[in-house]
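Asks: One structure coming up, written as structure tokens, with questions to follow.
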Amino acid sequence: MTDTTDTTRPAAASGTFRIGGDIEINRLGYGTMQLTGPGVWGPPKDHDEAIRVLKRAVELGVNFFDTADSYGPYVAEELLHEALHPYGDDVLIATKAGLTRTGPNEWPPVGRPEYLRQEAEMSLRRLGLERIDLFQLHRIDPKVPLEDQVGELKKLQDEGKIRHIGLSEVGVDDVKAAQEIATIVSVQNLYNLTDRSAEELLDWSTEQGIGFIPWFPLATGKLTGEGSPLTELAKQHDASPSQLALAWLLKRSPVMLPIPGTSSVDHLEDNLAGATIELTDDEFAALSKAGE
């Protein structure tokens, strides 16, 4: 294991990926869900710290921020606007629609075309953007034909309000079906060292050159607790378990775009340092086995 970069902008050490072939980002990004209140509902416990986290992420080389209208709801997008607008030319804000909120930890899918259009328009306003560079369908609504859901995003794309389209929590067949309607440039599924249920989608995305955004890349702490499979290896390498978990993800595939989230500047700095760790093949294999 070697340190590969200047530690002042560690996210830049993660390598780059071109979303849709034309927007270059550093592969290690930041997810905004944990900036909101308990149950992803309401404002942050510490508003000023949330703003500091977002500003510090940019200082550390993050230029890919993942959010959604449903985080709060609306809170995470508003925090991004407050902290970072006007965004730098190299900053990509990706957002989502397709889940509505009826209370803490409640996420009913709503994929009616008029709702998706309304939420895209509202996200443009909240984020202060003229175009959303990556707009993701947060869930496929089983009650609405897929062609109506993706078709509405394609209309928004044709109107210049969306640049690229992504999907979340899907299988390979879902992406193939959506690609009959529009170009899909990214997928976002649950994936981490101990939950590899989306392995088939990851392998297919790697072959296709489609960005794969693993949500809960650290399993919200389950990988990093006492007795974690990573604890012993982390001690050996003078690294935190979360750093090793992120280094493992980055080595797993060149299309992997982890978005670890946190509401703490200290945790942010610790997480992003994971990009500076380059695992050997043997270390990668050992971590893979430990996480099974």
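Asks: Where in segment 173-292 are there helices (runs of 4 or more DSSP H), lying wholly inside it, with at least 2 residues that are open to solvent by 40 Å² or more (accessible area, probe 1.4 Å), free of Cβ contacts under 8 Å to residues at least 12 places away in the same chain and farther than 20 Å from Ala13 by Cα? Spell out the reasoning first.
Replies: Values: elements: 199-208, 231-237, 241-252, 265-272, 281-290.
It comes to 199-208, 231-237, 281-290.
Asks: Could you pull out the residue among Arg52, Arg18, Arg27 that is surrounded by fewer than 19 Cβ atoms within 10 Å (Cβ to Cβ) and within 23 Å of Val255 (Cα to Cα)?
Replies: On the way: Arg52 fails: within 23 Å of Val255 (Cα to Cα); Arg27 fails: surrounded by fewer than 19 Cβ atoms within 10 Å (Cβ to Cβ).
Exactly one of Arg52, Arg18, Arg27 is surrounded by fewer than 19 Cβ atoms within 10 Å (Cβ to Cβ) and within 23 Å of Val255 (Cα to Cα), namely Arg18.
Asks: Another question, if that's okay. Which residue out of Ala94, Ala76, Ala83 is touching an Asp or Glu at 6+ places or on another chain (Cβ under 7 Å), surrounded by 17 or more Cβ atoms within 10 Å (Cβ to Cβ) and not in a loop (DSSP other than H, G, I, E, B)? Before you say what the answer is, go through the steps one by one.
Replies: Details: Ala76 fails: touching an Asp or Glu at 6+ places or on another chain (Cβ under 7 Å); Ala83 fails: touching an Asp or Glu at 6+ places or on another chain (Cβ under 7 Å).
Only one candidate passes the filter, namely Ala94.
Asks: Report yes if Ala11 is within 16 Å of Leu84 (Cα to Cα) and either open to solvent by less than 20 Å² (accessible area, probe 1.4 Å) or touching an Asp or Glu at 6+ places or on another chain (Cβ under 6 Å) (or both), otherwise no. Please lay out each step first, then the result.
Replies: Details: within 16 Å of Leu84 (Cα to Cα): no; either open to solvent by less than 20 Å² (accessible area, probe 1.4 Å) or touching an Asp or Glu at 6+ places or on another chain (Cβ under 6 Å) (or both): yes.
Against the criterion (within 16 Å of Leu84 (Cα to Cα) and either open to solvent by less than 20 Å² (accessible area, probe 1.4 Å) or touching an Asp or Glu at 6+ places or on another chain (Cβ under 6 Å) (or both)), Ala11 does not qualify.
Asks: Then there's this: Out of (1) in a helix (DSSP H, G or I); (2) free of Cβ contacts under 8 Å to residues at least 40 places away in the same chain; (3) more than 19 Å from the chain's Cα centre (by Cα), what's the single condition that is false for Glu49?
Replies: So Glu49 meets the others, but not (2).
The values are calculated or read from the model by the stated rules, or taken from the named source; none is laboratory data. The shown structure was predicted, so the numbers you read here are calculated from the model rather than taken from an experiment. We place every Cβ from the backbone using ideal geometry, glycine too, and count neighbours over all the protein chains shown. Ligands, DNA and RNA are excluded from the accessible area calculation, which covers all protein heavy atoms including side chains. Shrake-Rupley method; radii C 1.70, N 1.55, O 1.52, S 1.80 Å.
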